[in-house]
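The values are calculated or read from the model by the stated rules, or taken from the named source; none is laboratory data. In this text the structure is predicted, and so the values were computed from the model without any measurement. A quick note on method: Cβ atoms are made from the backbone with ideal geometry, for glycine too, and the neighbour counts reach across all protein chains shown. Heads up: the accessible areas ignore ligands, DNA and RNA and are worked out on the full protein's heavy atoms, side chains in. Shrake-Rupley method; radii C 1.70, N 1.55, O 1.52, S 1.80 Å.
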Amino acid sequence: MSDFIYRCSQCGREYEITPDRMVCEDCSADQSADEPLRGILEVVNRRGVPADWSIYDFLPVGREWFPPIPAGNTPLWEPTRLREQTGLPGLFLKDDSCNPTGSFKDRASALVAAYARREDIDRIVLASTGNAGSSMCGVGAAAGLQVRLYLPAAAPPAKLVQSLQYGADVIRVDGTYDEASAQAMAYIAEHGGLSRNTGHNPLTIEGKKTVSLEIFRQLGDRVPDYVFVSTGDGVILSGVYRGFEALVNAGVADHMPTMVAVQAEGSCAITRALREGGFTAPVPSRTVADSISVDVPAAGYFAADRLRRHEGRAVTVTDDAILAAQTELASGSGLFAEPAAAAAWAGVAALRGELDADATVVVLITGSGLKDIDSAKRAVGL
Ligand SMILES: *Cc1c(COP(=O)(O)O)cnc(C)c1O
């Protein structure tokens, strides 16, 4: 086996990293479609990292395979006016809206594309409600990969247009994400190709951990006290956890931050599971924040387990609070975020009373406001 392997987060069974290995075959044997994925695989680095580490030392695919598109490496804002307004001088915004396709998802797409290139695979297949899809299409265009995207009808127009502009094969599915996902998997079974279904391909979690390594570096080799993450499937949250865990495991950092999962009130399966002690029958989601609108959170078990283990928090915010946060963020800092991203900022307001004034607070801004103009219009009276 090589330096990097997969290990099942549930039973610990180890696997080689191969293109068709997605979940643990033991733990996923009784997997049903209306519960989160069982047996999510974590990438384990058995090599360690050098003292002068770079992000690539933590990733299972070498730098030379990454496509020529600058994913990640995003700025950490020091929003003076928001700091004054909230009374939090240690507030930072990690601006992942300035990724090449406008969302955080480029981190995962870049690693999946790099892996496909290394393995000589030229087609990537996925279902997505929007950002993961447009991201994979854009990164695929840079890499020269064929991308086949199953896009549910409800996706905001900008995300559809973006995917088409990038030259991908876009199949518009007149149904939900679950139906789109089933079609994508059926296509792979028949015609082949690498799956980039979020959560399902373990590299989607792995690619997202780079944000934590960057935050640590940008704070001057420091772990923040709090990281606010808007959460739907829980893949970003899991990735951020994996990043800080990787730093601790490598002996680079000595503790974990307190993570705050922020969910829309109308799509809060992970928060509910924490409260009720487990995942119950899915509740149809309904929120203005389309990117965190999820009935069955793919990485739900993983995310809930990490929140418990590392004493993280989960809060819910209403659609009104999300739209108010979007305007507050834009007018108070100059950062125009899509509703799902603004939800993280709404989470800060919800928890403000519990945060120490001197805390270092990082708010992850996961997508650009230009991704979904229709909901932004409402808040400015158009
Ligand atoms: C995907 C996404 C999220 C949520 O990520 P999950 O892994 O589904 O929890 C949040 N914000 C934006 C803009 C996204 O695209």
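Checking segment 124-138 against the condition returns no match, with no residue being in contact with a helix residue (DSSP H, G or I) (Cβ under 7 Å, 6 or more places away or on another chain), modelled with pLDDT of 95 or more, assigned to a loop (DSSP other than H, G, I, E, B) and of a type outside the set (D, E).
Would a scan of segment 133-153 turn up a residue that is in contact (Cβ under 8 Å) with a residue 12 or more places away in the chain, surrounded by fewer than 24 Cβ atoms within 10 Å (Cβ to Cβ), under 27 Å from S375 (Cβ atoms) and within 16 Å of the ligand (Cβ to nearest atom)? Within segment 133-153 (the criterion being in contact (Cβ under 8 Å) with a residue 12 or more places away in the chain, surrounded by fewer than 24 Cβ atoms within 10 Å (Cβ to Cβ), under 27 Å from S375 (Cβ atoms) and within 16 Å of the ligand (Cβ to nearest atom)), the answer is yes, since at least one residue qualifies. How many of the residues in segment 281-329 are farther than 26 Å from P79 by Cβ, assigned to a loop (DSSP other than H, G, I, E, B), of a type in the set (A, V, I, L, M) and within 17 Å of the chain's Cα centre (by Cα)? Here the count works out to 4.
Tallying residues that are crowded, with 24+ Cβ neighbours inside 10 Å, away from the ligand (no atom under 12 Å from the Cβ) and β-branched (V, I, T) within segment 292-340 yields 1.
Screening segment 224-243 for residues that are away from the ligand (no atom under 13 Å from the Cβ) and open to solvent by 10 Å² or more (accessible area, probe 1.4 Å) and picking the one that is nearest to I322 (Cα to Cα) gives Y226. Can you tell me which residue within segment 25-62, out of those that are more than 21 Å from the chain's Cα centre (by Cα) and among the hydrophobic types (A, V, I, L, M, F, W, C), is farthest from G239 (Cα to Cα)? Taking the candidates together, the pick is A29.
Being open to solvent by 60 Å² or more (accessible area, probe 1.4 Å), more than 16 Å from the ligand (Cβ to nearest atom) and either of a type in the set (A, V, I, L, M, F, W, C) or under 22 Å from D96 (Cα atoms) (or both) is the requirement here; does A349 meet it? Answer is yes for this residue.
Quick check: is even one residue across segment 244-259 outside any strand (DSSP E or B), touching a residue at least 40 places away in the same chain (Cβ under 8 Å), open to solvent by less than 20 Å² (accessible area, probe 1.4 Å) and within 11 Å of the ligand (Cβ to nearest atom)? No, the conditions are met nowhere in segment 244-259.
Could you tell me which residue of segment 210-223 is surrounded by the fewest Cβ atoms within 10 Å (Cβ to Cβ), considering only residues that are over 16 Å from V260 (Cα atoms) and touching a residue at least 60 places away in the same chain (Cβ under 8 Å)? Among those that are over 16 Å from V260 (Cα atoms) and touching a residue at least 60 places away in the same chain (Cβ under 8 Å), it is R222. Scanning segment 354-375 for residues that are over 18 Å from G312 (Cβ atoms) and away from the ligand (no atom under 13 Å from the Cβ) turns up A357, D358, I373, D374.
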